[in-house]
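Peer 1: After the structure tokens below, expect a handful of questions from me.
Bear in mind these aren't lab numbers, they're just calculated from the coordinates by the rules spelled out. Since the structure is predicted, the reported quantities are computational estimates derived from the model, not experimental observations. Methodologically, a virtual Cβ is constructed for each residue, glycine included, from the backbone with ideal geometry; neighbour enumeration extends over all protein chains shown.
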Amino acid sequence: MASITLNNIVKKYDDGFPAVNNVSLDIADGEFVILVGPSGCGKSTLLRMIVGLEDITSGELQIDGTRMNEAAPKDRNLAMVFQNYALYPHLTVYENIAFPLRLAKSKSGDSTGGANGGSNGGSRGRSLGGAGGGSVDDRVRKAAEMLELTEHLERKPANLSGGQRQRVAMGRAIVRQADAFLFDEPLSNLDAKLRGQMRSEIAQLQRRLGVTSVYVTHDQTEAMTLGDRVAVLKKGELQQVASPRELYEQPVNLFVAGFIGSPSMNFLPATLKASAEGTGGAGGAGGSGGAVLSSPIGDIPISAEKAAVAKGHELLMIGLRPEFFEDAQLVDEAKKGKGAVFTAELSHLEWLGHEQYGYIEFEPDEKVRRLLADLAAEMDADELRPQVVTTLSAESRVRPGQPTDLWVDTSRIHIFDPETGENLTRDAEAGAELTRMAAEEREREIEVAAAKDG
Amino acid sequence: MSVEATRVPAGRAAREPDPTAEELEGQKTARRAKRNTTIGWWVLTVIVAVWCLFPVASILATSFKVPGDLSNGQFLPTTPSTVNYEEILVGDSRQLFLTALWNSIGISVIATAIAVVLATLCAYAIARLDFPGKKVVLTVSLMVSMFPVISLVTPLFNMWRTLGLYDTWPGLIIPYLSLTLPISIWTLTAFFQQIPWELEQAAQVDGATPLQAFRKAIVPLALPGVFTTAIIAFFIAWNDFVYGISLTSTEAARPVPAALAFFTGASQFESPTGAISAAAIIVTIPVVLLVMLFQKQIVAGLTSGAVKG
């Protein structure tokens, strides 16, 4: 087990293009960290630099406090699961899993036993049964049992299904006492159903082994469900590192806000106005300061604090998550006061059973259209349509094409500076608290898993 | 769905009408078309097989004929005899044939070995490294293999005479390389490009040194390709006739295909057809054996399953 520290890591290719730019990240012992971002954001490069398959242009990589920049991959004692599994096709499943052990054995001294034995002995021993002492056969069988591969041990990888191959790749990683696991989009080649299953298996396995893990993905569901902390990257630069909850509730900028969450956050252009009495459809609204944001879907009253941060910006970008909206008829009176009611026409509706998506289209001006297009390009998404997605209760009987009263929770509104993308309403304190809670949660889960394994 | 279907068969029929006559006709046509395709392939295969194997069968039959049978116009020998084989293996032509056989084997093996070693290095570089002129190497090697052999022979003849390479083993090995190298480079490049090189990295992460990674993860996958290439290269060298006959003058280096032309009958008026046929059969045997022995390696789809597929 080990902590991994990245200090100002830079990766520049020969053409001078920085694939990874000045990334600093502390990964604690036993932590599960996700690197997420659109394709080409440098997340895989970063992972390959940690494992030693790419050179680090500048900056420092430390594993357990020791500088590892120059160490060969074999000396870093990390295990990696590749996107396409990278199984050895000429070897059976058994030999594939045993491969790292045989290599370690063929090294005259037992460098794994010697150099890392100290850190291995303790906590990991419990999961792989005093692994240091076990023979190759014991350890392979134990790993195979853990991954339900026992009956496939004699087969060749070519005869296995995608999920089984994935498990073999995992087996090769867990069979040795690696200091950390690195995953490079391990589930992207599986179909959706299997992906969900393997996701939960990976999560449980990580907790049982309590091993530091770094996981690269572009799938935000994986990022949100697996990670203790998630590092969001854009064009090689770290945007925000935080627990999934903090990312979702206190995103640091437009990019993170738009990237995390599905359906993604709605962005609307708005200008700050002092409220004229009775503007908009606002039902009572909680604005003591009486400021409103005038947006294409109507005037939205906001609190005095939010108005204060918004002051001085000519154009603002407001962010509203789809679930901030609700059919006004279905909102409790008690809750209604926290938001405002406005009238809009839904262009169409998608009923999913547990909820439904209502779409409101709006006509942005040229500047806003360009902003939205830039944002879409950054997020590697298709064109961001100038529309608002609302998640409504499945019971709602609203119909598209008719003026409908919708309620929006204005207390949770995010306000962004469209020039810098900065989230003006971010509460850093509350965010840090969320991440602190996640860290405590992790400690507890590892303890619980340890207790379960006896 | 199934419950509903059994409960209200009438309703089902109403909603999903039975396949119309037109649809049935369509299905029938499709099935017939498929069957026709299969039959077509079989017919084609048989034609090709007969086309290729008939000459071999004819030579085989001829090789067992006694001299008197040779021009009787029959396919099969009237009295099968091994007289021709005796003639070339223990008889008068023994010297001529066996030295030629030795020359053929030696020259082909050496040319193959050199070609495979050089082509492996070259193909590795082309498949793995990014360097300017990659395309040029491939194009040039293709052009070399396209060049008509006959146009090179005369200049080579003169050069070799001056250099003292005429009628020597190296004098044939070098031109054979010009035949075997291009095809080896092309096959090996194609093969190496399919190897999942990520395995090398996986092995390194698993604790292997770069050399170990190459030896344990890549070599087992590359070997079938190298085998295949070696066999193809060997055939090319083995089958050559033009260089063999033009660049040799004595038994010092003359390979079998060329030597066959120097066989003589028992008398001046007797054609050596029988002996030539017997020699041709003997020369064919190693080729057939090689293909049969290494068929598995040649066809082996070892790389499938390494990555998602």
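Peer 1: Find the Cα radius of gyration of region A:4-248, compare it with 2.2 N^0.38 Å by division, and give the number to two decimals. If you can, show how the numbers build up before the last one.
Peer 2: Details: Rg = 17.5 Å, N = 245, 2.2 N^0.38 = 17.8 Å.
Compared with the compact-globule rule of thumb, region A:4-248 sits at 0.99.
Peer 1: Oh, and also: Give me the inter-chain shielding for A:84-95: mean count of other chain Cβ atoms within 10 Å, whole number please.
Peer 2: Numbers: counts 8, 8, 13, 6, 11, 14, 13, 3, 0, 0, 0, 0.
Mean partner-chain Cβ count within 10 Å for A:84-95: 6.
Peer 1: Any idea what the alpha-carbon Rg over 2.2 N^0.38 Å comes to for chain A? Display every interim value, and only then the final one.
Peer 2: Values: Rg = 25.4 Å, N = 454, 2.2 N^0.38 = 22.5 Å.
Compactness ratio reported: 1.13.
Peer 1: Plugging the Kirkwood radius over Cα pairs into Stokes-Einstein for region A:201-354, at a temperature of 25 °C and a viscosity of 0.890 mPa s, what D comes out in µm²/s? Mind dumping the intermediate values first?
Peer 2: Working: Rh = 18.2 Å.
In µm²/s, the coefficient rounds to 135.
Peer 1: Using the charge dipole of region B:128-260 (Lys, Arg: +1 at Cβ; Asp, Glu: -1 at Cβ; taken about the Cα centre), state which of B:VAL149, B:ALA233, B:LEU211 has its Cα farthest towards the positive end.
Peer 2: Farthest along the dipole direction, towards plus: B:VAL149.
Peer 1: Sticking with this one: Per-residue ellipticity at 222 nm for chain A, helices alone: DSSP H runs ≥ 4 residues times -39500 (n - 2.57), over residue total, nearest 500 deg cm²/dmol?
Peer 2: That comes out to -10000 deg cm²/dmol.
Peer 1: How long are the three semi-axes of the equivalent ellipsoid of chain B, in whole Å, if each is the root of 5 times an eigenvalue of the C-alpha gyration tensor, listed from largest down? Present the calculation step by step, with values, prior to reporting the outcome.
Peer 2: Numbers: eigenvalues 499, 251, 62 Å².
With the √(5λ) rule applied to chain B, the semi-axes are 50, 35, 18 Å.
Peer 1: Tally Lys and Arg at +1 and Asp and Glu at -1 over the other residues with C-beta under 15 Å from the C-beta of B:LEU247: what net charge comes out? Please report the intermediate quantities before stating the final value.
Peer 2: Working: positive: B:ARG161, B:ARG254; negative: B:ASP167, B:ASP240, B:GLU251.
Once positives and negatives cancel, what remains is -1.
Peer 1: Using 10 Å bins from zero, what percent of all Cα-Cα pairs in region A:135-271 falls into each bin?
Peer 2: 10, 36, 30, 15, 7, 2, 0
Peer 1: Across the residues of B:189-197, average count of Cβ atoms on other protein chains within 10 Å?
Peer 2: Going residue by residue through B:189-197 and averaging, the value is 1.
Peer 1: Most fluctuating residue of B:THR38, B:THR189, B:THR273 in a GNM of chain B with Cα springs under 10 Å: which is it?
Peer 2: Taking springs between Cα atoms under 10 Å, the residue moving most is B:THR38.
Peer 1: Sum -39500 (n - 2.57) across every DSSP H segment of at least 4 residues in chain B, then divide by the residue count to get the 222 nm mean residue ellipticity, nearest 500. Could you put the intermediate results ahead of the total?
Peer 2: Working: 14 runs with 221 residues, N = 309.
Dividing the helical sum by the residues of chain B leaves -23500 deg cm²/dmol.
Peer 1: Here's another thing I want to ask about it. Looking at chain A, identify the longest residue range that excludes and avoids all GluC sites (Glu not before Pro) in DSSP loops having at most 15 other Cβ atoms within 10 Å.
Peer 2: Longest stretch, sites excluded: A:155-276.
Peer 1: Cross-link partners among lysines for A:LYS193, C-alpha distance below 21 Å, same-chain residues fewer than 8 apart left out?
Peer 2: B:LYS308
Peer 1: Expressed as an acute angle from 0 to 90° and rounded to the nearest 10, what is the orientation of the C-alpha long axis of helix A:117-127 relative to the principal long axis of chain A?
Peer 2: 70
Peer 1: Which is the longest part of chain B that has none of the chymotrypsin sites (Phe, Trp or Tyr not before Pro) sitting in a DSSP loop with at most 11 other Cβ atoms within 10 Å?
Peer 2: Numbers: sites that count: B:PHE75, B:PHE269.
That would be B:76-268.
Peer 1: Compute the long axis of helix A:136-146 from its Cα atoms, compare it with the longest principal axis of the Cα atoms of chain A, and write down the angle in degrees, 0 to 90, nearest 10.
Peer 2: Here the helix axis deviates by roughly 30 degrees.
Peer 1: Could you compute the net charge surrounding A:MET49? Neighbours are other residues with a C-beta less than 13 Å from the C-beta of A:MET49; K and R count +1, D and E count -1. Can you show the working numbers first?
Peer 2: On the way: positive: A:LYS11, A:LYS12, A:LYS43, A:ARG48, A:ARG76; negative: A:GLU54, A:ASP55, A:GLU60, A:GLU70, A:ASP184.
Around A:MET49, the surrounding residues sum to 0.
Peer 1: Across peptide A:167-175, how many C-beta atoms of other chains are within 10 Å of each residue C-beta, on average? The partial results should precede the final answer.
Peer 2: Details: counts 0, 0, 1, 0, 0, 3, 2, 0, 1.
Going residue by residue through A:167-175 and averaging, the value is 1.
Peer 1: Follow-up. Helix B:134-146 against the longest principal axis of chain B: what's the angle in degrees, Cα atoms only, rounded to the nearest 10?
Peer 2: 60
Peer 1: Compute the distribution of all C-alpha to C-alpha distances in region A:260-425, in bins of 10 Å from 0, and list the percent of pairs in each, rounded to whole numbers.
Peer 2: It works out to 10, 40, 37, 12, 0, in whole percents.
Peer 1: Using a Gaussian network model on chain B with a 10 Å cutoff between Cα atoms, which of B:ALA21, B:ALA33, B:ALA258 fluctuates the most?
Peer 2: Looking only at B:ALA21, B:ALA33, B:ALA258, the largest GNM fluctuation is found for B:ALA21.
Peer 1: Quick check: convex hull over the Cα atoms of the protein assembly as shown, volume per residue in Å³, rounded to an integer?
Peer 2: Per-residue hull volume (Cα only) is 291 Å³.
Peer 1: Another question, if that's okay. Per residue, what volume in Å³ does the Cα convex hull of region A:1-108 take up? Kindly include the intermediate steps, with their values, before the conclusion.
Peer 2: On the way: hull volume 15.6 nm³, N = 108.
Here the figure is 145 Å³ per residue.
Peer 1: Please return the longest stretch of chain A lacking exposed loop sites, where trypsin sites (Lys or Arg not before Pro) count only if DSSP places them in a loop and at most 13 other Cβ atoms lie within 10 Å. Don't skip to the answer; put the middle values down first.
Peer 2: Numbers: sites that count: A:LYS311, A:ARG397.
No qualifying site falls inside A:1-310, the longest such stretch.
Peer 1: Ok, one more. Can you check what the net charge comes to around A:ALA203, using other residues whose Cβ is under 11 Å from the Cβ of A:ALA203 (Lys, Arg +1; Asp, Glu -1)?
Peer 2: Details: positive: A:ARG199, A:ARG207, A:ARG208; negative: A:GLU201, A:GLU222, A:ASP228, A:GLU445.
Result for the neighbourhood of A:ALA203: -1.
Peer 1: Something else about it: Which of B:PRO170, B:PRO182, B:PRO196 moves most in a GNM of chain B, Cα contacts under 10 Å?
Peer 2: B:PRO196
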